[in-house]
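A.B. asks: I have a structure I would like to understand better, so I am pasting it below and will then ask my questions one at a time.
The values are calculated or read from the model by the stated rules, or taken from the named source; none is laboratory data. What you are looking at is a predicted structure, and each value in this text was computed from that prediction instead of being measured. Neighbour counts run over all protein chains shown; Cβ positions are idealised from the backbone, glycine included. Keep in mind that these areas ignore ligands, DNA and RNA; they rest on the heavy atoms of the full protein, side chains included. Shrake-Rupley method; radii C 1.70, N 1.55, O 1.52, S 1.80 Å.
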Amino acid sequence: MLEHVVEFVNKIISYGGFKRSEFSNKAYASLLTSVEEISKHDLVMISSLIKRYKNVRGKLIIDTTDNPKYGLKDVAIKMKNLSNGGYRKGFKIVLFLYKMEDKTIPLGFALIYKGSKKLEALVLKALSILRNTYKLKPQIVLADVGFSTQEIIKRLNNYGYGFVIKGKRTYSLDKKQIKKQIPRGYGSKIGKLNNGVKVNTIRRKNRVFITNRVSLTSEEVLQYYGERWKIEEVFRVLKSCMGLNRCQQHSIKAQALYTFGCLTAYSILETIKTSSIYQAFASVILGDIVIDNSIIERLFVMT
């Protein structure tokens, strides 16, 4: 079983893609059964990585990336292309990333496609698993405006999780819209959202940042939010080095398996790197580092 995972990861790093024909039926079936979480399809929490790093101080970053696909007719959703204002078909990947002092490790992911649960429901479920099943206690949770729903904010606060999230100017603070509470486009105010959560709201022109750690200064809040950019770097590595968007399989189960493989490959490179992850990637490509059973055994407990 483990050798098939090793083979899968090496193919992803070496070729930046995945072809079902490269694996025998036995090998492919072993891949599916070796990762039980894949059976859930729309939400995959990587239990071995969560258990390994849950007691390490870190920040939980949540964000999405588009994964354009034109062969998944039954499950593809329409997504806006921010680069040209048009639309394309595919599915979205929600990544739950744990940023520590010396490394950044994916703890899980969700897929948003036709028939999956909505983003809010998937995030709430993932947070419940991280907190109630694995007892993860992040230093703070960082997320963009897409995750600033009243329910997500309330759940984070109820769990005792500190957060810095980009909000909306139209949200109400003490029953009055934020853009009217801070009308000059620059300033901060402490008050309660409609869900009853007490927050410090910082406005910078058309951008609004919300935190339940009301003792933080505006500068500290903005500094925290700036660390959210790390997840964009991770998406860039996943796409350029692992070929995250280059799996041509037409089933969402295969797409979930490939996404898991890409995150596994990324986690391995983060673990073996001595300087940058790009250097670790080059070392594997050139054969200076060989990914074998021993490396994966150190990182994962496969069941």
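A.B. asks: Counting just the residues of segment 1-27 that are modelled with pLDDT under 75 and part of a helix (DSSP H, G or I), which one comes out most open to solvent (accessible area, probe 1.4 Å)?
C.D. replies: The selected residue is Tyr15.
A.B. asks: Counting residues that are of a type in the set (Val, Ile, Thr) and either modelled with pLDDT under 85 or under 15 Å from Val123 (Cβ atoms) (or both), which strands (runs of 3 or more DSSP E) fully inside segment 35-109 reach at least 1?
C.D. replies: Working: elements: 43-45, 59-68, 77-80, 87-99.
The qualifying strands (runs of 3 or more DSSP E) are 43-45, 59-68, 87-99.
A.B. asks: Here is a further query. Considering only residues that are open to solvent by 40 Å² or more (accessible area, probe 1.4 Å) and either closer than 11 Å to Met242 by Cβ or within 21 Å of the chain's Cα centre (by Cα) (or both), which ones fall in segment 266-280?
C.D. replies: Thr271, Lys273, Ser276, Tyr278
A.B. asks: Follow-up. Identify all residues within segment 121-139 that are of a type in the set (A, V, I, L, M, F, W, C) and outside any helix (DSSP H, G or I); write none if there are none.
C.D. replies: Of everything in segment 121-139, just one residue is of a type in the set (A, V, I, L, M, F, W, C) and outside any helix (DSSP H, G or I), namely Leu136.
Results for (1) open to solvent by less than 10 Å² (accessible area, probe 1.4 Å); (2) under 30 Å from Ser48 (Cβ atoms); (3) modelled with pLDDT under 90, shown as yes or no for each residue.
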{"site": "Lys192", "(1), (2), (3)": "no, no, no"}
{"site": "Val197", "(1), (2), (3)": "yes, no, no"}
{"site": "Ile231", "(1), (2), (3)": "yes, yes, no"}
{"site": "Arg246", "(1), (2), (3)": "no, yes, yes"}
{"site": "Ala256", "(1), (2), (3)": "yes, yes, yes"}
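A.B. asks: Residues to consider are Ile50, Ile105, Ile61; find the one that is open to solvent by less than 10 Å² (accessible area, probe 1.4 Å), over 17 Å from Phe235 (Cα atoms) and touching a residue at least 40 places away in the same chain (Cβ under 8 Å).
C.D. replies: Going through Ile50, Ile105, Ile61 in turn, just one is open to solvent by less than 10 Å² (accessible area, probe 1.4 Å), over 17 Å from Phe235 (Cα atoms) and touching a residue at least 40 places away in the same chain (Cβ under 8 Å): Ile50.
A.B. asks: Based on this model, can you work out whether Gly115 counts as in a loop (DSSP other than H, G, I, E, B) and either open to solvent by 20 Å² or more (accessible area, probe 1.4 Å) or in contact with a Pro (Cβ under 7 Å, 6 or more places away or on another chain) (or both)?
C.D. replies: yes
A.B. asks: Is there a residue in segment 172-188 that is of a type in the set (Lys, Arg), within 23 Å of Arg131 (Cβ to Cβ) and either part of a strand (DSSP E or B) or under 22 Å from the mean Cα position of the chain (by Cα) (or both)?
C.D. replies: The answer is no; no qualifying residue exists.
A.B. asks: Here's a follow-up. Hey, any hits in segment 72-90 for a residue that's within 24 Å of Thr271 (Cα to Cα), out of contact with any Asp or Glu (no Cβ under 6 Å at 6 or more places or on another chain) and open to solvent by 30 Å² or more (accessible area, probe 1.4 Å)?
C.D. replies: Looking through segment 72-90, none of the residues is within 24 Å of Thr271 (Cα to Cα), out of contact with any Asp or Glu (no Cβ under 6 Å at 6 or more places or on another chain) and open to solvent by 30 Å² or more (accessible area, probe 1.4 Å).
A.B. asks: Counting only residues that are among the basic types (Lys, Arg) and assigned to a helix (DSSP H, G or I), which one in segment 140-171 is nearest to Ser48 (Cα to Cα)?
C.D. replies: Restricting to residues being among the basic types (Lys, Arg) and assigned to a helix (DSSP H, G or I), the top hit is Arg155.
A.B. asks: Suppose we keep only residues that are in contact with a Leu (Cβ under 9 Å, 6 or more places away or on another chain) and open to solvent by less than 80 Å² (accessible area, probe 1.4 Å) within segment 292-303. Which one would you say is modelled with the lowest pLDDT?
C.D. replies: If we take residues in segment 292-303 being in contact with a Leu (Cβ under 9 Å, 6 or more places away or on another chain) and open to solvent by less than 80 Å² (accessible area, probe 1.4 Å), then Met302 is modelled with the lowest pLDDT.
A.B. asks: What pairs can you find where one residue is in segment 205-229 and over 15 Å from Gly185 (Cβ atoms), the other is acidic (Asp, Glu), and their Cβ atoms are less than 8 Å apart, with a gap of 6+ or different chains?
C.D. replies: Arg228/Asp63; Arg228/Asp144
A.B. asks: Starting from residues that are open to solvent by 30 Å² or more (accessible area, probe 1.4 Å) and under 17 Å from the mean Cα position of the chain (by Cα), keep the ones in segment 135-148 and report whichever is nearest to Ser47 (Cα to Cα).
C.D. replies: The extreme case among them is Lys137.
A.B. asks: Something else now. Six or more apart or on different chains, Cβ under 7 Å: which pairs go from a residue in segment 158-183 that's within 18 Å of Thr217 (Cβ to Cβ) to one that's hydroxyl-bearing (Ser, Thr, Tyr) and not in a strand (DSSP E or B)? Could you list them?
C.D. replies: From residues that are within 18 Å of Thr217 (Cβ to Cβ), the pairs are Val164/Tyr224; Val164/Tyr225; Ile165/Ser148; Lys166/Ser148; Lys166/Tyr225; Gly167/Ser148.
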